[in-house]
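First up is the structure itself, then whatever we jot down about it.
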Amino acid sequence: MSFMRVSLAALTLAVGVSASSANAASSNLISPTGPLNVGDAFSLTWQVMNVPEFDGVGFGLTYDSDVVSYTGGVFSAVFNAFAVDQLANAQAAEALGGLVTVESLTAGTFLFPSGDLDIVTLNFEAVAAGITDIVIDPFQAFGQDLMFTRFGAAVFNTTDTARIVVEADPITTPIPLPASALLLGAAVLGLAGQKRRTRHK
């Protein structure tokens with residue numbers, strides 16, 4: 001069983017690499033490419049490349065709940081044993097506001113996958129203007145980092161970040177009508193009134 005930690009911290013594509021070799025395992029946290037507006041729903045997709053065989057993954061998720069709200073995670077179908085997105089724990093933590101760390105998002109599989117995989121899609125909603133860093137990093141257990149594991153032993157650890165920028169809704173200011181338009185409107189109303197009076201005579 002593996003433990004994985006997701007911390008969200010930068011609104012760009014962040015790459016984590018386990019070694020300098022060209023064939024080393026690596027990871028991407030794919031995020032929106034530009035600023036968001038309050039009320040926007042958005043997703044982060046966590047991918048791994050060249051990952052060794054594993055049977056479980058676990059992580060913790062960190063973000064500023066004053067800027068974004070976590071609305072749940074969808075793990076890849078490869079995780080056919082179990083998957084826990086910790087949404088209820090996240091909602092409880094968000095009630096306190098500020099920086100939130102949700103531990104032990106976990107998933108297991110009997111398929112022992114390897115290679116290039118989408119691991120999880122993490123869903124959020126932008127709730128207020130601001131900037132938050134979202135970071136994914138290993139879960140600490142028994143004095144060691146555990147993220148991707150096989151039979152309880154770590155096979156790959158990484159850290160990925162994404163910066164999320166939320167802008168305030170643009171304020172729409174009414175455009176005043178020019179004075180000439182107001183005068184024209186008054187003249188039209190005056191003519192209409194005069195016609196009604198003429199009919200009554």
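The values are calculated or read from the model by the stated rules, or taken from the named source; none is laboratory data. It should be emphasised that the depicted structure is a prediction, and the values quoted were computed from it without experimental measurement. As a convention, Cβ positions derive from the backbone with ideal geometry for all residues, glycine included, and neighbour counts pool all protein chains shown.
Observations
- All positions within the stretch 45-86 that are over 19 Å from residue 118 (Cβ atoms) and of a type in the set (A, V, I, L, M): 67, 68
- Exactly one residue out of 146, 177, 191, 182 is buried (at least 16 other Cβ atoms within 10 Å of the Cβ) and modelled with pLDDT under 95, and it is 146.
- Qualifying residue in the stretch 159-174 (condition: more than 30 Å from residue 25 (Cβ to Cβ), at pLDDT below 95 and among the aliphatic types (A, V, I, L, M)): yes
- If you go through the stretch 128-172 and keep only what is outside any strand (DSSP E or B), among the small types (Gly, Ala, Ser) and within 23 Å of residue 33 (Cα to Cα), you end up with 128, 129, 168.
Let's see how each residue does on (1) at pLDDT 95 or above; (2) part of a strand (DSSP E or B); (3) within 21 Å of residue 138 (Cα to Cα):
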residue: 42; (1), (2), (3): yes, yes, no
residue: 48; (1), (2), (3): yes, yes, yes
residue: 70; (1), (2), (3): yes, yes, yes
residue: 83; (1), (2), (3): yes, yes, yes
residue: 89; (1), (2), (3): yes, no, yes
residue: 93; (1), (2), (3): yes, no, yes
residue: 100; (1), (2), (3): yes, yes, yes
residue: 103; (1), (2), (3): no, yes, yes
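- Residue within the stretch 90-103 that is buried (at least 16 other Cβ atoms within 10 Å of the Cβ) and closer than 21 Å to residue 114 by Cβ present: no
- Out of 101, 109, one residue alone is more than 20 Å from residue 50 (Cβ to Cβ) and among the hydroxyl-bearing types (Ser, Thr, Tyr). It is 101.
- Taking (1) at pLDDT 95 or above; (2) assigned to a loop (DSSP other than H, G, I, E, B); (3) of a type outside the set (Lys, Arg) in turn, residue 21 satisfies each apart from (1).
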